[in-house]
Amino acid sequence: MSASMLKMWISFAGMGLMIIAIFSIYVSRYKINNRVIKGVTALFAYMCMGIGGLIVAYVVLSGPTGL
C-alpha cells in the first residue's frame, strides 16, 4: 500500500472518530438523563473528538506525499 493510500485511510479514521463524537455528544446532552452515564458518554465523546482532531491535524500538516 502506498503512503498516499495509507494517509487516506488514516484520515478516514480521524473523520470517523469525529462523527462518533458528534453523535455521542448529542446522545449525552439530549437523550440520557442519568448524570453518571451522561458524564461517561460526554467524556468518551470529547476523547474521540480530541483524538480525531489530532489525527486530521497530523494528516494535514504532514504535507503531500510523493508518487
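Against the chain, whose longest principal axis is taken from its Cα atoms, helix 35-61 shows a tilt of about 10°.
The modelled label-to-label distance for the pair Tyr58/Arg29, using points 7 Å beyond Cα in the direction of Cβ, is 2.8 nm. Summing Lys and Arg as +1 and Asp and Glu as -1 over all other residues whose Cβ lies under 14 Å from the Cβ of Ala42 gives a net charge of +4.
Take every Cα pair under 8 Å in the stretch 13-61 that's 6+ residues apart, average their separations, divide by the length, and report that relative contact order as a whole percent. Could the numbers behind the result be given before it?
On the way: 42 pairs, mean separation 26.4, N = 49.
Relative contact order of the stretch 13-61: 54 percent.
Let me check I've understood the local charge: for Ile25, count other residues with C-beta under 13 angstrom from its C-beta, Lys and Arg +1, Asp and Glu -1. What total comes out? It works out to a net charge of +3.
Kindly express, to the nearest 10 degrees and within the range 0 to 90, the angle between helix 3-30's C-alpha long axis and the longest C-alpha principal axis of the chain. Helix 3-30 sits roughly 10 degrees off the main axis of the chain.
Taken together, the values in this text are just the output of simple stated rules run on the coordinates, not laboratory data. Source: prediction; values computed, not measured. A quick note on method: Cβ atoms are made from the backbone with ideal geometry, for glycine too, and the neighbour counts reach across all protein chains shown.
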